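Trainee: Just passing along the structure, written as structure tokens.
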Amino acid sequence: MPSGGDGGPAEGKKELVALTDGFRESEQSWKELLLDLPRRGLKIDPKLAIGDGALGFWKALPQVFGSTREQRCWVHKTANVLNKLPQHRQARRSQTGTKSGWPRRARTRTMHSPH
């Protein structure tokens, strides 16, 4: 795995660091995957973990990487909030044509922002 001086990917690029079978919500499955990351080249605790609502992941993370901050993925969070809207309030969501309810253009621009 190419890495920068802090142990992360060179030039801030995202890269897949692990893929394994397991149970999605299983704390033990996530813990095993996280414990394997140093063998795969991770040299320091990640500064930030971003994920969906996989409860097992959030339970396992502090057991393995105690200093890593947690952040909920805004796309998943937005989709979950929009799913709770009454049907008659979901008109805008269906007009955008996206699962999250956000226009594709705005979502892409935000996700690729250098800030």
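Trainee: Determine the alpha carbon to alpha carbon distance for each of K13/K77; K47/K84; K43/K77; K14/K77; K14/K84 and list only those over 28 Å.
Mentor: From K13/K77; K47/K84; K43/K77; K14/K77; K14/K84, over 28 Å: K47/K84; K43/K77; K14/K84.
Trainee: Could you compute the net charge surrounding W30? Neighbours are other residues with a C-beta less than 14 Å from the C-beta of W30; K and R count +1, D and E count -1.
Mentor: -4
Trainee: When a footprinting reagent is the concern and you count Cβ atoms within 10 Å, what order do H76, H88 take, fewest first?
Mentor: H88, H76
Trainee: So what are the ³J(HN,Hα) numbers for the stretch 83-89, from phi and the Karplus equation (6.51, -1.76, 1.60; θ = phi - 60°), rounded to whole Hz, Gly and Pro as x?
Mentor: 5, 8, 5, x, 3, 5, 9
Trainee: Could I ask something else about it? Rank these for me by crowding, S67, S26, going from fewest to most other beta carbons within 10 Å.
Mentor: Fewest-to-most ranking of S67, S26: S67, S26.
Each value in this text was obtained by applying a stated rule to the coordinates, not by laboratory testing. All figures in this text were calculated on a predicted structure; none of them were measured in a lab. No Cβ is skipped: glycine too gets one built from the backbone with ideal geometry, and neighbour counts run over all protein chains shown.
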